[in-house]
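The values are calculated or read from the model by the stated rules, or taken from the named source; none is laboratory data. These figures come from a predicted structure and were not determined experimentally. Cβ atoms come from the backbone with ideal geometry, glycine included; neighbour counts cover every protein chain shown.
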Amino acid sequence: MKLKLADDASVWYLLWSNQAAILSVLTMIQGALPYWEGIIPDRYFMIAGAILSTLVLVLRNIEQPKAKAKLEAKRVSTQ
C-alpha cells in the first residue's frame with residue numbers, strides 16, 4: 001500500500017482547516033508549557049482548543065476559491 005497525498009496538499013497553508021488545526025494544537029499543548037500559568041486560566045485554553053478542533057471539521061468543507069485557484073495554477077504549470 002502506497003501513501004498518496006491529497007490533491008490540495010501542496011496548498012496546505014492556505015486551507016483554513018489546516019490553520020485552525022495548527023492553532024488547536026498550540027492551544028492544547030499549553031498544558032505542557034508552564035509559561036502561561038497564572039496569566040491565562042486553563043479553561044480558556046481548553047475552550048479555545050475545543051472550538052478550534054470543531055471548527056476544523058466545518059472549515060474543511062467550505063470552498064476556498066483562492067486555494068483552489070492556486071492549486072489549479074500549479075496543475076497547469078506542471079503539465
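Do we find that THR54 is at pLDDT below 80, out of contact with any strand residue (DSSP E or B) (no Cβ under 6 Å at 6 or more places or on another chain) and of a type outside the set (D, E, K, R) in this structure?
Against the criterion (at pLDDT below 80, out of contact with any strand residue (DSSP E or B) (no Cβ under 6 Å at 6 or more places or on another chain) and of a type outside the set (D, E, K, R)), THR54 does not qualify.
Residues of segment 51-70 being in a helix (DSSP H, G or I) and among the β-branched types (Val, Ile, Thr), which ones?
ILE51, THR54, VAL56, VAL58
Going through segment 45-56 one residue at a time, which ones are touching a residue at least 12 places away in the same chain (Cβ under 8 Å) and closer than 10 Å to ALA20 by Cα?
Hits for segment 45-56 are GLY49, LEU52, SER53, LEU55, VAL56.
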